[in-house]
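Peer 1: Got a structure here, written out as structure tokens. Questions coming.
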Amino acid sequence: MKLADLYKRGLIVALACAALLISNLSAFATALPGDCDGNGSVTMIEVQGAINMFLGTKTATSCVDTDQSGAVTITELRNVVNAYLGLPVMIPALAVTGTVKDPISGLAVTGATVTAYADGAGTPAATATVQSTGSYSLSGLSAASTYQLVFSKTGYGDVNYYGVKPSQSAATALETVLMLTTDKASLTTSINGYVLNASNNTGAALTVRFRPGLGATTGTYLAKTADGYGYYYKDYFPAGCYTAEVVKLVDGVETSYGYFTVYSVPGVSTYNNSQNFTVDTGTPPSTTYRAVLSWGSAERDLDLHVTGPLNPDDTFTTIGSNNTPRFHVGTSTADPQTSYPYGSAITGTTLRNLPGATTEAYLDQDQANHGVDNGSETFTILTQQAGVYRFYVYNNSATGYLAESGAQLKLFRGTTLVKSYTVPNKSGNTWTVFELDGNTVTDKNIMSTVDPTQTYNLAKPVAGYPVDELSTFKQVQKNLPTR
């Protein structure tokens with residue numbers, strides 16, 4: 001090889017390394033770019049191969065050509081060199097969005113700064129400013145990183161938001177951040193709530209830990225013990241926001257059942273009272289999926305809807321041309337498609353459901369009157385069939401806006417939190433949240449408007465069928481068979 005060629009290749013490596021060292025890349029990828037042999041590390045031989053792909057003297061492969069364009073870009077080459085050096089790599093993500101407001105005045109905290117730090121990094125990865133509408137949008141983050149966001153403004157106490165994981169497939173909408181003025185942040189106030197057992201909708205003796213900040217799953221905490229009625233706390237807390245973790249000893253081993261946000265806002269009882277959560281205090285199989293919908297305003301009635309594949313043994317006919325075998329569970333107990341085995345018997349005036357012996361998927365709890373029965377709606381898939389399950393939230397109240405509800409939808413697999421979503425700050429009465437197919441979760445986060453007379457017609461097209469699933473849920477000619 002000529003000396004000039006050696007010099008050229010050495011210069012490329014040097015320039016790539018230098019660019020990486022001074023760039024603001026963040027996060028470590030789960031699959032290392034350039035690790036073409038899949039052994040978990042990148043060797044100098046693999047770096048040389050990436051350089052040759054960049055120069056066009058070697059065919060580009062997917063382990064380096066991560067965008068599958070057929071050619072290796074300088075960014076892709078940098079990521080390979082970075083992986084070899086043990087430095088961060090960049091996987092571009094879509095924006096992280098949300099809103100910020102003062103809970104006492106109800107106004108947007110205009111001009112507040114949102115600063116993102118990759119976990120373990122002291123240098124900001126990105127910043128954004130809260131607009132007059134209260135919204136912000138962070139861009140330039142990596143899908144391979146987890147971030148801590150710091151919300152700050154002169155005259156207000158800082159708020160930390162931990163565990164923010166941007167996505168490549170959809171914008172990440174975070175729950176509304178409440179910032180208190182410094183004079184309020186030094187106060188304490190009484191807060192309270194219940195934790196209910198989804199399997200029988202009664203209380204349970206549990207321990208609830210409270211950590212300062214949003215998304216705070218580790219670190220110092222305040223602990224409160226729930227009594228047998230599920231009344232988990234009624235105490236004075238320093239003003240601010242907390243992440244509550246529900247834990248219980250099972251056979252001498254401490255088990256975590258999930259996390260939810262709790263607020264302590266001096267003088268605003270609507271935030272402080274009835275901050276409830278639903279868990280399964282038994283030992284759910286690791287294959288069980290549960291979606292928990294919660295929202296923060298007593299005058300709004302939100303409904304959780306789920307569509308999914310039927311058991312192969314179950315068929316039913318619909319009026320219209322589409323006979324797609326799908327179930328739809330919403331809030332109606334009169335429609336056959338919401339009954340056993342894709343729903344269950346309703347008990348009591350609060351529409352709390354109990355599974356039958358062969359129930360496959362059901363709405364554990366339906367908030368018929370959120371002003372009386374504050375907390376969450378929950379949906380459980382006990383036996384998962386092959387196919388796509390779709391999760392929606394519909395604003396069923398006469399007043400208020402879905403975007404202002406503070407709605408959150410959390411997906412658990414067994415006792416592990418898989419995904420957490422917050423309603424986007426966009427117009428619409430229907431929120432298409434995500435899809436579940438096997439263990440694959442696909443983010444949607446789409447807001448749309450559905451005709452109020454067709455609130456059960458929320459399904460989208462299924463491959464192989466010429467007509468939307470919408471007609472599936474207009475009227476059912478016969479009940480699902482008893483199995």
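Peer 1: Being surrounded by fewer than 19 Cβ atoms within 10 Å (Cβ to Cβ), part of a strand (DSSP E or B) and of a type outside the set (D, E, K, R) is the requirement here; does S190 meet it?
Peer 2: yes
Peer 1: Looking at the range 107-153, what strands (runs of 3 or more DSSP E) fall wholly within it and have at least 2 residues that are of a type in the set (G, A, S) and buried (at least 23 other Cβ atoms within 10 Å of the Cβ)?
Peer 2: 113-118
Peer 1: State the number of residues belonging to the range 118-150 that are more than 20 Å from the chain's Cα centre (by Cα) and farther than 16 Å from A171 by Cα.
Peer 2: Of the residues in that region, 13 qualify.
Peer 1: Still on this model: I'm trying to understand the selection: among the residues of the range 49-62, which are surrounded by 14 or more Cβ atoms within 10 Å (Cβ to Cβ) and more than 18 Å from G86 (Cβ to Cβ)?
Peer 2: G49, I51, N52, M53, F54, L55, K58, A60
Peer 1: Report, by residue number, each residue of the range 425-445 that is more than 10 Å from the chain's Cα centre (by Cα), assigned to a strand (DSSP E or B) and closer than 15 Å to T97 by Cα.
Peer 2: Passing the criteria: only K444.
Peer 1: Six or more apart or on different chains, Cβ under 9 Å: which pairs go from a residue in the range 73-87 that's under 13 Å from M53 (Cα atoms) to one that's of a type in the set (V, I, T) and open to solvent by 70 Å² or more (accessible area, probe 1.4 Å)? Could you list them?
Peer 2: Pairs that qualify, where the first residue is under 13 Å from M53 (Cα atoms) and the partner is of a type in the set (V, I, T) and open to solvent by 70 Å² or more (accessible area, probe 1.4 Å), are E76/T66.
Peer 1: Also, I was wondering about something else. Just checking, which of A205, A185 is farther than 24 Å from L293 by Cβ and modelled with pLDDT under 80?
Peer 2: A205
Peer 1: Sticking with this structure for a sec: Within the group Y242, Y236, Y263, Y232, which residue is among the hydroxyl-bearing types (S, T, Y), part of a strand (DSSP E or B), within 30 Å of S105 (Cα to Cα) and at pLDDT below 80? Before the answer, list the steps.
Peer 2: Numbers: Y242 fails: at pLDDT below 80; Y236 fails: at pLDDT below 80; Y263 fails: at pLDDT below 80.
Only one candidate passes the filter, namely Y232.
Peer 1: Among the residues of the range 77-92, which ones are within 16 Å of S142 (Cα to Cα), open to solvent by 10 Å² or more (accessible area, probe 1.4 Å) and modelled with pLDDT under 85?
Peer 2: Correct list: L87, P88, M90, I91, P92.
Peer 1: Another question about this same structure. Checking the conditions here, which among S405, S397, S448, S427 is open to solvent by 20 Å² or more (accessible area, probe 1.4 Å), in contact with a Lys or Arg (Cβ under 9 Å, 6 or more places away or on another chain) and modelled with pLDDT of 50 or more?
Peer 2: Unique residue meeting the criteria: S397.
The values are calculated or read from the model by the stated rules, or taken from the named source; none is laboratory data. Predicted model, so just to flag it, every value in this text is computed and none were measured. Reconstructed Cβ throughout: ideal geometry from the backbone, glycine too, with neighbour counts over all protein chains shown. Just the protein is used for accessible areas: all its heavy atoms, side chains included, with ligands, DNA and RNA removed. Shrake-Rupley method; radii C 1.70, N 1.55, O 1.52, S 1.80 Å.
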